[in-house]
Amino acid sequence: MNVLVVNAGSSSLKYQLFDTEKNEVKAKGLCERIGIGGKIIHKVPGKEDYAAEIEMKNHADATRILVETLTDKKVGCISDMKEIEAVGHRVVHGGSYFTKSVLLNKDVLEKLELCKELAPLHTPPTLMGIQGCLEAMPEVPQVLVFDTAFHQTMPKEAYTYPIPYEYYEKYGVRKYGFHGTSHRYVSAEMIKLLDKPASETKIVTCHLGNGSSISAVKGGKVVDTTMGFTPLDGVIMGTRSGNIDPAVVTFLMEKENLSVSQVNDILNKKSGFLGVSGISSDCRDICAAIENGDERAKLALDILGYQIKKYIGAYSAAMGGLDAIVFTAGIGENTPIIREMACEGLEYLGVELDKNVNDNVPRPIETTCLSTKDSKVKIYLIPTNEELVIANDTADIVSNK
Ligand code: ADP
């Protein structure tokens, strides 16, 4: 089935056209500067890359232009819009409503509207992307795949915040977790590599990118994860603080006379690697600064290494054991030193990293075993593929509807 996977941001729309039978990407690209100009960057394997500046007033314009590009004789890869058989959308927040991917209909759209409040930055662009596809391809079925869905198996004691219960009842304030599609993909791949029944597996998955989260996946189901009510919680990230004492927020608001939006901005955009190092949010810049002897850059990286290790320990306790640790996403796949820091000192748990393999992962990066032959716990690098999960879920749901 030809599935168009769409990931809409506030002024951008990433897309990939998949042939799910052949497991092949037919085209991928990005519409950007939506609403403030418009540009499309489009790549088809075996053809020269294409880029053009075309006005995109809104997401509907962007969708129409991407469909025109996909069907263009010269730069496209299909001859007719009808060859797009389904659309799969990445949706950041599905609240408590969505525990798995769903076919879009009126009821689903209404529930998604209710989730807007939970992810005010992400949901409106997603809704615009959905609307854009409805306008450009009204006959094509659309499926929603949620970042929060895989985490919906967490037990109550893991997702309930110890604040007055009425806030959970009134506003849905609880831990939801994010990057679920990635945790689901890499944990399923890891389960295939373990020599035991899926129901007995205990895996810690570390998705480390600009945003990072770590999950405990027991028997294929999430029992805990580091991100929370929003993607601000958990480990240190590029510009996000991760978890801190909540009293720091009110203390700083008082001392610095900060508004709600200012403190939000500090915690989401000025903290993390950037805030601690004062240099950059990008792990490559942090590593380069460490080479030049920068102490605060080293501290930023040390925090991440320490926190990952701490969560591996905590989640082993939560699951009652550990079979495997998986590293994925930009930092997890590309930064050997972080993997080394995270595993160092965990020998007592049966974790033994093969430093030589870890330091010399061949490129292009593929699934690689990083643990020693004798390590009781397997350590793997597994490149994530969220788009593939979205395409396959979409094909499954549309074929069975
Ligand atoms: P996002 O969360 O935006 O999807 P990514 O998963 O691409 O982000 O991760 C971005 C992070 O990964 C950055 O900190 C970047 O430094 C790091 N990273 C990405 N690619 C590489 C690479 N080839 N080498 C080293 N670090 C990389």
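The values are calculated or read from the model by the stated rules, or taken from the named source; none is laboratory data. Predicted, not measured: the structure shown is a model, and the values here were computed from it. Cβ coordinates were reconstructed from backbone atoms using ideal geometry, including for glycine residues, and neighbour counts include every protein chain displayed.
The table for this structure:
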quantity: Residue count, the range 258-303 (criterion: acidic (D, E), assigned to a loop (DSSP other than H, G, I, E, B) and either touching a Ser or Thr at 6+ places or on another chain (Cβ under 9 Å) or away from the ligand (no atom under 16 Å from the Cβ) (or both)); calculated: 1
quantity: Residue within the range 267-290 that is within 24 Å of S213 (Cα to Cα) and modelled with pLDDT under 95 present; calculated: yes
quantity: Failed criterion for T384 (all others in (1) in contact with a helix residue (DSSP H, G or I) (Cβ under 8 Å, 6 or more places away or on another chain); (2) assigned to a helix (DSSP H, G or I); (3) polar (S, T, N, Q) hold); calculated: (2)
quantity: Exclusive hit being buried (at least 22 other Cβ atoms within 10 Å of the Cβ) and over 21 Å from the mean Cα position of the chain (by Cα), set L353, L299, L349; calculated: L353
quantity: Members of the range 1-57 found to be touching a Gly at 6+ places or on another chain (Cβ under 9 Å), in a strand (DSSP E or B) and acidic (D, E), listed by number; calculated: E32, E53
quantity: Candidate set from the range 253-283 (those that are in contact (Cβ under 8 Å) with a residue 24 or more places away in the chain and of a type outside the set (A, V, I, L, M, F, W, C)); member that is surrounded by the most Cβ atoms within 10 Å (Cβ to Cβ); calculated: G272
quantity: From G242, G234, residue being outside any strand (DSSP E or B), under 14 Å from the mean Cα position of the chain (by Cα) and either surrounded by 15 or more Cβ atoms within 10 Å (Cβ to Cβ) or free of Cβ contacts under 8 Å to residues at least 12 places away in the same chain (or both); calculated: G234
quantity: Residue ID - nearest to N360 (Cα to Cα), chosen from residues in the range 318-337 that are surrounded by fewer than 23 Cβ atoms within 10 Å (Cβ to Cβ), small (G, A, S) and away from the ligand (no atom under 16 Å from the Cβ); calculated: G321
quantity: Exclusive hit being more than 29 Å from E200 (Cβ to Cβ), more than 16 Å from the ligand (Cβ to nearest atom) and either assigned to a helix (DSSP H, G or I) or in contact with a Cys (Cβ under 7 Å, 6 or more places away or on another chain) (or both), set Y306, Y315; calculated: Y306
quantity: Residue that is nearest to Y185 (Cα to Cα) [pool: residues in the range 143-167 that are touching a residue at least 60 places away in the same chain (Cβ under 8 Å) and touching a strand residue (DSSP E or B) at 6+ places or on another chain (Cβ under 7 Å)]; calculated: F150
quantity: Flag if T225 is within 16 Å of the ligand (Cβ to nearest atom), farther than 20 Å from C343 by Cα, touching a residue at least 40 places away in the same chain (Cβ under 8 Å) and surrounded by 14 or more Cβ atoms within 10 Å (Cβ to Cβ); calculated: no
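Results for (1) under 22 Å from H93 (Cα atoms); (2) crowded, with 21+ Cβ neighbours inside 10 Å; (3) hydrophobic (A, V, I, L, M, F, W, C), shown as yes or no for each residue.
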position: V3; (1), (2), (3): yes, yes, yes
position: V6; (1), (2), (3): yes, yes, yes
position: S12; (1), (2), (3): yes, no, no
position: Y15; (1), (2), (3): yes, yes, no
position: N23; (1), (2), (3): no, no, no
position: G29; (1), (2), (3): no, yes, no
position: R33; (1), (2), (3): no, no, no
position: G37; (1), (2), (3): no, no, no
position: I41; (1), (2), (3): no, no, yes
